[in-house]
Structures are given as structure tokens and as C-alpha cells.
Amino acid sequence: MRAGSLRMWLRWCGGAALALLIAPGLMAQQSAPRAGGKPPVHGQAAARLLIRNAMVIYGNGKPAFGPVDILVRDGLIARVGTTPAGDPAPDAIIDATGKYVLPGLINSHMHLQDERGGRPQPLQYEMNLYLASGATTVRDVGSDIEKAKRWRAESAAHTLVAPRILVYTPQWRTRSLSAADLLAPAGASLEALREGIRWAKQQGADGLKFFGMDRDQLEVSLDEARKQGLRTAAHIAVEETTARDYAELGVTSIEHFYGVADAALDGIQDFPPDHNANNEIHRFGRAGELYLQKNLNREKLSQVLDLMIEKQVIWCPTMDAYIASRDLIRSQNVPWLKDYLHPTLEWYWKPDLLKHGSYFFGWTNTQEVRWKKDIQVWMEALREFANKGGLITTGDDAGFIYNLYGFGLVRELELLEEAGFHPLEVLAHATVNGAKLIGMEDRLGRVRQGFVADLLVVNGNPLDNLRVLNPYGVDVVKVGGKVVSNYSALVPGDPAIEVGRGGGIEWTIKEGVPYHVPRLMEEVKEMVTRARAAGK
Ligand SMILES: [Zn+2]
């Protein structure tokens, strides 16, 4: 273990007091020490960590297999299989009997946030929630680049308890354009755009976030990004350029849904005369109608998807970021907000047109119904895109719109199943595809010998219920104390039947360093309780 992480760990834990705070139910889930091996220490890499008796979800969509042992050494997966007789004794053991092990998830669209609207919020709060939800890698597509670079380095050194961080900065634009240019980008010189991208490269960005561009600006920007060897992520607004332009000119990934439906319209968006793109009620309300417009040409939509596939554009939909628009009361009342919602976020989410995504003023049933129908078409497009060979990744874009870090990522997986993907495919989106998106498919995204030991040890089978990945856990049916499928032959009235709690990730292992998820969540609860008591 690195001394730095030990110090930080002690600081967050507050020593022995923490053990008393951990709910007894959560403690019970931790692998009990067994003869011949002790469980790992939270935040401390063991020289030889053995995960014993695990069912493995490999990552690329092939069926689960096991039970097998997984040996972790020097941050890598050293072996997947049977432990040979005479193998040196491990320094720590995770007993994964009855558990599933899968690659750490790649959250391919998120924002590093240590404040909201100018109010502070501990970065650790967000980082704990992401690790607890299984994200071992995050692609930051918009935060302060200086801070992001520092956190990226600290995470790589394991001095910050956090997923691996990739920085895709939008700040290249603010370096190259004046405020006036940003409002009226047509005024920006094309050379200034190139300079901004070169600046980002010099700063050590892993990639670039694009938005709001005319065709000529997009052309030079993507050209310069290619020259600098930087990958690009595009949030397309309603503008001159659509997914067609971005695909033709070689963007790496398209985020959300914007620009895809727009490219399939015969004509343009049917906004009423008073539509104001700076008013988020207008913008988000009507964004949920684009796939429903009468002039949406399904044939054209298929052609746009074909072009995206031909140009190898990856699609990161972040459906969970829009789900409050189709189901507001659910999003406002999910049970985990009670213990885990930081007061800064709670404040930020209150309706206020000056805060991004806080547009829920008098949200109507009609608006929700339109979003529901719109999302159905969007889901069909995603399924068609993947059926034809397109790559989909999973990002949660949380921190806005009643979308809590990490919980949003698990919700995204659920929504992809709703879109028609098998849970194994969904997990491939979150692992192998995510690794391809960031160019790390030779190291990440698979439970494979020689790959980086980013692993999740899950209480339960995510293929049976993706919700077991939710740090809040799930309801389970038990008969005689043993978890069974709710489709098993239950006899009504049998007193041995009970409803219990289960699920949750037990251990999130990042580059060989194990983090105990109940502890991460207890720390989150502590941070929230403290901030609430301080009235912040
Ligand atoms: Zn975003």
C-alpha cells in the first residue's frame, strides 16, 4: 500500500468509529475470513490477491463461466482458472462463492465535480459513488482541466481513491475564442480553433469535447484533432451540423441523441415561433419531441446510422440523463436519495433556469408522455445501430437532472436492457466497448490474464438482475435463508419464504487495489450527514 493512500484512508475513515457506523447487514456481506487466507484491506493492494470460486462474466458478451479462481498480482490479472497445487499462499483472499466477477465498468461520459453552481461538494463524494457503482474508469467530458489533470495523476498514483480518469476537455474552445466568439461562433477564426486544439494537446488532454459548431469550424477542428492524435466526443446541439456532418468528418463518438434525429428530418425542427434555445424548458421539453416529429424520415434515420457505422463512430447515449423528463416523480423520489444525496446537489437540482438541467417548472404529463414515446424511437435506433455493427458505450452524465453519480450508470444499464439488449450485451457495452472508445482495449474491459486488474466482485448475478450493481442493493426472495429466484417453485403461505436484501458490489478492484463498497457507501453517508448538519 502506498503511504499516501493509507493517510487519506485513515482521514476519511475517522479510525475505529467507522466500524461502528457500518450497518450490520452490510458487514455481514463482507467475505468472512476463512482458514488459509484473510480478506483484503480496503485501499491496500496485496502482493498476491486471490479471488476464489468466482463465476466470471468475461466482458465481451460470451457466456459466464466458473467457478474459477482469479489471481491478482502487481495490479494485473495474473491467472484465471484453477489454482495449481503448491501455488504460493496468497496474501489476501476474497471468497467469491455465490458471487460474480466482471471487469470494472467504464463510465464513458461524466463530469468531475467538486462544486455545483459555485457551492462546494467534495470530489470524494462523487468518486466514492462511482467506485461503489462499479466504475473503475471514467471519461471526463467537461470540468476544469487543471483540476482534472491533478486528479488524474492522483488517481493513477492511488493517492486519490477514484476511478482511472481520462480528460476530454471542452476548454480548448475557451482558450481560442473570446466570450463573444462563443456566443456567435461564426466570428471565430478557423486558425484560432486549431490553436485551441494544439493548446489542449500541450496541456496533456486525452481527448476533446466538441459542441456548437458550424460545418467549416467542425471541419478544421476535427482535422486538427486528427493531426494531434486526440479523440473527440461530440454533444451536437440543434444547429447547422448534425450527426451526418460529425460522422463524415471523423468524430470518435456522438454523445446523447442530439444530432441523430435532426439528421433524419425532412426539413428542420418544428419549433413554435416563440422557441428560445436559451430557455431550458423550451430546449429540453422539445428535445423530447424530435424523434416524434411528423417529418422524421425513418429511412433517413437508418441511413444516418449506417453512415455512423461506416465511419466507426461510437454512440454514447446517456439515456439515464433524460429519464427524469419521462418520469419526474420517480427520479425525485428514488429511495437512495434519503441517505446519499449531498445537500449541494439537492440545492442545484431545485428548479432554476440559470442552472443547467434544472428545468422542471410545472412539468406536465403531456411533456412526459412525449418523452416516453420519443425514448422508444431512440431505443429502436440504438438497437438498430448495434444490430448493424455499431458500438454503444455507457456513460451516466450525472450531477444534473436528479441523476446521482454511479446510480445513474446502473440506471443506464437498465435502460439499455429496456432498449432490447441482453444483459450480457449491456455489460459488453460497459466494458469492452468502453475500452475501445478510449483506445485501451488491449488492457481494459476483460477478465483476461495479463489485463489490468479492474474487477468487480458482485453479490449476485447481474445477468439475472442488472440492479444487483446498484449500491443500494435489491430486494431478494429467500427460502430458509437462501436466496432463490422469484420464479422458483414457491408455495404460497410457506413460512420459510421471506423477502430480504441482497445485491450490491462487494469489492471494486482498481488496478489491483481493492475497495470495499459498503465502506465507500458508509463514507458517502457520513459526508452527506456532515454537510447537512453544517447546513451546506
Ligand atoms: Zn455531459
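Values in this text are rule-based calculations from the coordinates and carry no lab data. It should be emphasised that the depicted structure is a prediction, and the values quoted were computed from it without experimental measurement. Positions of Cβ are backbone-derived with ideal geometry, glycine not excepted, and every protein chain shown enters the neighbour counts.
Entry remark, segment 354-375: residues being touching a Phe, Trp or Tyr at 6+ places or on another chain (Cβ under 8 Å) and either crowded, with 22+ Cβ neighbours inside 10 Å or not basic (K, R) (or both) number 7 in total.
Could you please find all residues in segment 318-342 being in a helix (DSSP H, G or I) and among the basic types (K, R)? Within segment 318-342, R330, K338 qualify. Tallying residues that are assigned to a helix (DSSP H, G or I) and either under 18 Å from V452 (Cβ atoms) or not β-branched (V, I, T) (or both) within segment 142-166 yields 11. At least 3 residues being within 16 Å of the ligand (Cβ to nearest atom) and closer than 18 Å to G434 by Cα is the threshold, and among the strands (runs of 3 or more DSSP E) wholly inside segment 54-141 those reaching it are 105-110, 135-140.
Among the residues that make up segment 331-345, is at least one of them touching a residue at least 24 places away in the same chain (Cβ under 8 Å), in contact with an Asp or Glu (Cβ under 6 Å, 6 or more places away or on another chain) and hydroxyl-bearing (S, T, Y)? No, because not a single residue in segment 331-345 is touching a residue at least 24 places away in the same chain (Cβ under 8 Å), in contact with an Asp or Glu (Cβ under 6 Å, 6 or more places away or on another chain) and hydroxyl-bearing (S, T, Y).
The rows are residues; the columns are (1) within 16 Å of the ligand (Cβ to nearest atom); (2) touching a Ser or Thr at 6+ places or on another chain (Cβ under 6 Å); (3) not in a loop (DSSP other than H, G, I, E, B).
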| residue | (1), (2), (3) |
| --- | --- |
| T344 | no, no, yes |
| T366 | no, no, yes |
| D397 | yes, yes, no |
| I401 | yes, no, no |
| F421 | no, no, no |
| H429 | no, yes, yes |
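Among the residues making up segment 504-536, those that are under 18 Å from R73 (Cα atoms) and hydrophobic (A, V, I, L, M, F, W, C) are W507, I509, V513. Residue count for segment 343-353, restricted to those that are in contact with a helix residue (DSSP H, G or I) (Cβ under 8 Å, 6 or more places away or on another chain) and crowded, with 16+ Cβ neighbours inside 10 Å: 2. Scanning segment 371-395 for residues that are within 15 Å of the ligand (Cβ to nearest atom) and free of Cβ contacts under 8 Å to residues at least 12 places away in the same chain returns no hits. Against the test of being more than 16 Å from the ligand (Cβ to nearest atom), touching a helix residue (DSSP H, G or I) at 6+ places or on another chain (Cβ under 8 Å) and of a type in the set (V, I, T), the options V458, V468, V452 yield a single qualifying residue, V458.
Is it true that some residue in segment 514-533 is out of contact with any Cys (no Cβ under 7 Å at 6 or more places or on another chain), without any contact (Cβ under 8 Å) to a residue 60 or more places away in the chain and not polar (S, T, N, Q)? Yes, segment 514-533 contains at least one residue that is out of contact with any Cys (no Cβ under 7 Å at 6 or more places or on another chain), without any contact (Cβ under 8 Å) to a residue 60 or more places away in the chain and not polar (S, T, N, Q).
With a requirement of 2 or more residues that are closer than 30 Å to K149 by Cα and touching a residue at least 24 places away in the same chain (Cβ under 8 Å), the helices (runs of 4 or more DSSP H) lying completely within segment 203-310 that satisfy it span 215-228, 243-249. Exactly one residue out of F421, F400 is surrounded by fewer than 24 Cβ atoms within 10 Å (Cβ to Cβ), within 22 Å of R446 (Cα to Cα) and touching a His at 6+ places or on another chain (Cβ under 8 Å), and it is F421.
Rundown of residues vs (1) within 16 Å of the ligand (Cβ to nearest atom); (2) under 21 Å from A398 (Cα atoms); (3) surrounded by fewer than 23 Cβ atoms within 10 Å (Cβ to Cβ), yes/no style:
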{"site": "D274", "(1), (2), (3)": "no, no, yes"}
{"site": "A277", "(1), (2), (3)": "no, no, yes"}
{"site": "G285", "(1), (2), (3)": "no, yes, yes"}
{"site": "N297", "(1), (2), (3)": "no, no, yes"}
{"site": "S302", "(1), (2), (3)": "no, no, yes"}
{"site": "I309", "(1), (2), (3)": "no, no, yes"}
{"site": "A321", "(1), (2), (3)": "yes, yes, no"}
{"site": "L341", "(1), (2), (3)": "no, yes, yes"}
